[in-house]
1. Mind listing whichever residues of the stretch 168-193 are touching an Asp or Glu at 6+ places or on another chain (Cβ under 9 Å), surrounded by fewer than 17 Cβ atoms within 10 Å (Cβ to Cβ) and within 24 Å of Cys97 (Cβ to Cβ)?
2. Would a scan of the stretch 89-97 turn up a residue that is touching a Gly at 6+ places or on another chain (Cβ under 9 Å), more than 17 Å from Phe157 (Cβ to Cβ) and either of a type in the set (Asp, Glu) or surrounded by 18 or more Cβ atoms within 10 Å (Cβ to Cβ) (or both)?
3. Among the residues of the stretch 38-54, are any among the hydrophobic types (A, V, I, L, M, F, W, C), more than 22 Å from Leu156 (Cβ to Cβ) and modelled with pLDDT under 95?
4. Looking at (1) over 20 Å from Asp68 (Cβ atoms); (2) loosely packed, with under 13 Cβ neighbours inside 10 Å; (3) not hydrophobic (A, V, I, L, M, F, W, C), can you tell me which one Glu148 breaks?
5. I'm told Ala128 meets every condition in (1) in contact with a helix residue (DSSP H, G or I) (Cβ under 9 Å, 6 or more places away or on another chain); (2) in contact (Cβ under 8 Å) with a residue 40 or more places away in the chain except one. Can you identify the failing condition by its number?
6. Please enumerate the residues belonging to the stretch 37-52 that are closer than 24 Å to Gly75 by Cβ and either in contact with a Gly (Cβ under 6 Å, 6 or more places away or on another chain) or not in a helix (DSSP H, G or I) (or both).
7. Check Phe157, Phe175 and return the single one that is within 21 Å of Gly113 (Cβ to Cβ) and touching a His at 6+ places or on another chain (Cβ under 6 Å).
8. Would you confirm whether any residue within the stretch 68-77 is of a type in the set (A, V, I, L, M, F, W, C) and in contact with a strand residue (DSSP E or B) (Cβ under 9 Å, 6 or more places away or on another chain)?
Amino acid sequence: MSPDTTGVILAGGRATRMGGEDKGLVKLQGKPLFIHILEKLRPQVSHLLISANRNIDIYSQHQQVVADITPDFAGPLAGMLAALKISLTEWVVFVPCDVPDFPVDLVSRLWQGKKLALAAYADDGARAHPTLALLHRSLAPQLEAFLENGDRKLMLFLSNINAVPVIFADRPNAFKNLNTPEDIATWHPQTGNE
């Protein structure tokens with residue numbers, strides 16, 4: 001059983017491939033994309049936050065919002081740092097707003113798979129999905145220093161902190177990102193992620 005964990009929906013990006021539209025608010029089968037994530041993540045965690053830099057009034061109607069501390073849309077690591085700094089729990093799990101098929105057992109599997117590590121991330125057996133990650137709150141100073149150094153690469157940071165890949169080879173399609181309007185239009189839920 002995993003301990004109290006804060007879940008964070010990463011919705012703070014620029015979404016350039018979505019024409020600059022706020023990706024978390026793009027409608028998917030009649031409801032905003034971030035709501036799909038919220039509904040699936042809520043049963044897996046004890047607290048929830050939304051990492052957002054735009055439309056904060058809309059997101060905050062549904063959940064507490066945390067904005068990046070660093071300027072200029074510094075990528076997912078900036079959202080992760082902001083959330084780690086305010087988390088009330090030792091463990092924080094991150095899920096991007098554009099992966100609606102992520103597994104309903106994501107948090108428990110990351111927790112079990114991390115063993116003694118302070119961080120773990122999803123891997124479908126063919127490629128890493130570092131934005132679906134479990135991090136210990138104590139990593140905030142290292143992450144802050146990494147960003148202050150001008151680094152932005154999430155996989156490099158995870159490598160630096162010896163994060164453990166947790167293999168979800170049984171769910172190879174669970175981590176598909178919806179990046180474009182075409183992806184949204186053609187999406188249908190993956191079976192086998194329950």
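1. Answer for the stretch 168-193, where residues must be touching an Asp or Glu at 6+ places or on another chain (Cβ under 9 Å), surrounded by fewer than 17 Cβ atoms within 10 Å (Cβ to Cβ) and within 24 Å of Cys97 (Cβ to Cβ): Pro172, Asn173, Asn177, Asn179, Pro181, Asp183, Trp187, Pro189, Gly192.
2. So far as the stretch 89-97 goes, yes, one or more of its residues are touching a Gly at 6+ places or on another chain (Cβ under 9 Å), more than 17 Å from Phe157 (Cβ to Cβ) and either of a type in the set (Asp, Glu) or surrounded by 18 or more Cβ atoms within 10 Å (Cβ to Cβ) (or both).
3. Here is the first cut: in the stretch 38-54, the ones among the hydrophobic types (A, V, I, L, M, F, W, C) are 38, 41, 45, 48-50, 52.
Add one more test, that the residue is more than 22 Å from Leu156 (Cβ to Cβ), and what stays is 38, 41, 45, 48-50, 52.
With modelled with pLDDT under 95 added as a condition, the list becomes 52.
Looking through the stretch 38-54, at least one residue is among the hydrophobic types (A, V, I, L, M, F, W, C), more than 22 Å from Leu156 (Cβ to Cβ) and modelled with pLDDT under 95.
4. Single failed check for Glu148: (1).
5. Evaluating Ala128 over (1) in contact with a helix residue (DSSP H, G or I) (Cβ under 9 Å, 6 or more places away or on another chain); (2) in contact (Cβ under 8 Å) with a residue 40 or more places away in the chain leaves (2) as the failure.
6. Scanning the stretch 37-52 gives Leu41, Val45, His47, Leu48, Leu49, Ile50, Ser51, Ala52.
7. Working: Phe157 fails: touching a His at 6+ places or on another chain (Cβ under 6 Å).
Of Phe157, Phe175, the one residue that is within 21 Å of Gly113 (Cβ to Cβ) and touching a His at 6+ places or on another chain (Cβ under 6 Å) is Phe175.
8. Taking the stretch 68-77 and keeping what is of a type in the set (A, V, I, L, M, F, W, C), we get 69, 73-74, 77.
So of that shortlist, the ones also in contact with a strand residue (DSSP E or B) (Cβ under 9 Å, 6 or more places away or on another chain) come out as none.
Scanning the stretch 68-77 turns up no residue that is of a type in the set (A, V, I, L, M, F, W, C) and in contact with a strand residue (DSSP E or B) (Cβ under 9 Å, 6 or more places away or on another chain).
The values are calculated or read from the model by the stated rules, or taken from the named source; none is laboratory data. Model, not experiment: these values are computed from the prediction. So basically every Cβ, Gly included, is an ideal-geometry build from the backbone, and we count neighbours across all protein chains shown.
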